[in-house]
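Notes for the one structure printed next.
The values are calculated or read from the model by the stated rules, or taken from the named source; none is laboratory data. Keep in mind the model is a prediction, meaning the values are calculated, not measured. For neighbour counting, all protein chains shown are included, and Cβ atoms are generated from backbone atoms with ideal geometry for every residue, glycine included.
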Amino acid sequence: MYCDGGKVFVEKEDQCMSCKNFKKGVECPLLQALGFGVVTLEGTLYVTNCGFYSEYKRHLNLVNEIKTDEE
């Protein structure tokens, strides 16, 4: 995670990438605090043990192809 031009960027190495708070958008308390300027970020920070982390699991299933009468 790093700041550039007043914007916060999350990197692939950050725990945020698999957090449901980050996937929902700005519901992450850490990103909200950075966005509102309550806390500042200097340099690069790798988020690996965030207290707000809640795992986001995808549930993908394979489905059978649906055949229609037109085929």
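The table below gives the values:
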read-out	value
Every residue from the range 1-13 that is basic (K, R) and at pLDDT 85 or above	K12
Matching residues, the range 14-44, being assigned to a loop (DSSP other than H, G, I, E, B), modelled with pLDDT under 90 and either closer than 23 Å to R58 by Cα or of a type in the set (V, I, T) (or both)	K24, G25, V26, E27, C28, V38, V39, T40
Check on Y53, under 11 Å from the mean Cα position of the chain (by Cα) and of a type in the set (S, T, Y)	yes
Qualifying residue in the range 19-28 (condition: surrounded by 11 or more Cβ atoms within 10 Å (Cβ to Cβ), of a type outside the set (F, W, Y), under 17 Å from C3 (Cβ atoms) and without any contact (Cβ under 8 Å) to a residue 60 or more places away in the chain)	yes
